[in-house]
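Notes to accompany the following structure.
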Amino acid sequence: MKINDVEKSEINKKIIENKDLREKLDKLQIELNREKREREKVLGFLFLSQELLEKERNKNTSNVFSESMDEQHHSSSPAINIWLRANIFRQSNYFYKSRKFKKGLSRKINLLKNSVLFNSDWYIESYNIFNFYGMKPEEHYIKIGALEGYDPSPDFSTNEYIRTHADVAESGQNPLVHYLSFGINENRSISNSKLVKK
C-alpha cells in the first residue's frame, strides 16, 4: 500500500504534535517536581510553627521563644498568639499558591536587603545562626526568624511591633515586611531590639 503526499503530510503533523506534547509533558513534570519540593519546604515551616505553638501550650509560661531567647525576657501576649495562628494560616495558603509565594518571597527579600532595618551580620551574630537550611538571612527571618521572635536589627523589635499594632498580629504578616510596605507610610511606631548580647 502506497502512502500519498497528503497522508505523509498528516503523519508528519502528528509526529510534530507528539513531539510538542512530549516537550510540554517534560516541562510540566519538571514544574511538578519543583512544586513538590516547595510544598515540602512549606510543610517543614508549618511543622516548626506548630512546634512553637505546642511549646507555648506545654510550658504554660506564655513564652513562645526558644531557650536561646531567654536573655530577652519576652512575655507572650494575646496579640502574639493571634499573629502566630494567622501566620500559620498564611503559610498553609502558600502551600497551594507556591508560584505566588515565590514571587512574593523575592519581593520581600529585596525589601529587607534594601532596608537599614535588616542587618544580616547582626542577625547572624545575635542568634548564632550559621545554618539557615540553605536560606539567606533575609529569607530565614521571613520564614522562621520572625516566628521565633528574632529581631532583624538593633533598631527593630519584632515582638514590640506585633504587640503595638494588633491589626498586624491579626493579619499574620511578617512585622518588618509590613512596616516597610505600609507602616512606614502610616507613621507607625517601632521599638529598638531588647536583645542583650552576651
**Message:** Which of the numbered conditions does Ala79 fail, given that it passes all the others? Conditions: (1) modelled with pLDDT under 90; (2) under 26 Å from Lys36 (Cα atoms); (3) of a type in the set (A, V, I, L, M).
**Reply:** (2)
**Item:** Count of residues meeting criterion [charged (D, E, K, R), modelled with pLDDT under 85 and within 34 Å of the chain's Cα centre (by Cα)] in the range 5-42
**Value:** 9
**Residue count for the range 145-159, restricted to those that are at pLDDT below 90 and not aliphatic (A, V, I, L, M)** = 3
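Consider the range 145-156. How many of its residues are in a loop (DSSP other than H, G, I, E, B), within 18 Å of the chain's Cα centre (by Cα) and either acidic (Asp, Glu) or at negative phi (or both)? Give the derivation first.
Filtering the range 145-156 for residues in a loop (DSSP other than H, G, I, E, B) gives 146-152, 154-155.
Cutting the leftovers down to within 18 Å of the chain's Cα centre (by Cα) gives us 146-152.
Pick out the ones that are also either acidic (Asp, Glu) or at negative phi (or both) and you get 146-148, 150-152.
Residues in the range 145-156 being in a loop (DSSP other than H, G, I, E, B), within 18 Å of the chain's Cα centre (by Cα) and either acidic (Asp, Glu) or at negative phi (or both): 6 in total.
The rows are residues; the columns are (1) at pLDDT below 85; (2) part of a helix (DSSP H, G or I); (3) among the acidic types (Asp, Glu).
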{"position": "Glu56", "(1), (2), (3)": "yes, yes, yes"}
{"position": "Ser92", "(1), (2), (3)": "yes, yes, no"}
{"position": "Arg99", "(1), (2), (3)": "yes, yes, no"}
{"position": "Arg107", "(1), (2), (3)": "no, yes, no"}
{"position": "Leu111", "(1), (2), (3)": "no, yes, no"}
{"position": "Val116", "(1), (2), (3)": "no, no, no"}
{"position": "Trp122", "(1), (2), (3)": "no, yes, no"}
{"position": "Glu138", "(1), (2), (3)": "no, yes, yes"}
{"position": "Lys143", "(1), (2), (3)": "yes, yes, no"}
**Request:** Run Ile162 past the list (1) modelled with pLDDT under 90; (2) surrounded by 14 or more Cβ atoms within 10 Å (Cβ to Cβ); (3) part of a helix (DSSP H, G or I) and report the number of the one that doesn't hold.
**Result:** (1)
**Residues satisfying the stated conditions in the range 165-198, i.e. in a loop (DSSP other than H, G, I, E, B), within 20 Å of Asn81 (Cβ to Cβ) and of a type in the set (A, V, I, L, M, F, W, C)** = none
**Message:** Against the condition at negative phi, outside any helix (DSSP H, G or I) and at pLDDT 95 or above, how does Phe130 come out, does it pass?
**Reply:** no
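Have a look at Ser153, Ser120, Ser106, Ser191 and point out the one that is surrounded by fewer than 19 Cβ atoms within 10 Å (Cβ to Cβ), in contact with a Phe, Trp or Tyr (Cβ under 8 Å, 6 or more places away or on another chain) and hydroxyl-bearing (Ser, Thr, Tyr).
Of the residues listed, the single one that is surrounded by fewer than 19 Cβ atoms within 10 Å (Cβ to Cβ), in contact with a Phe, Trp or Tyr (Cβ under 8 Å, 6 or more places away or on another chain) and hydroxyl-bearing (Ser, Thr, Tyr) is Ser191.
The values are calculated or read from the model by the stated rules, or taken from the named source; none is laboratory data. Please read these numbers as outputs of a predicted model, since none were measured by experiment. Note that each Cβ is placed from the backbone with ideal geometry, even for glycine, and that neighbours are counted across all protein chains shown.
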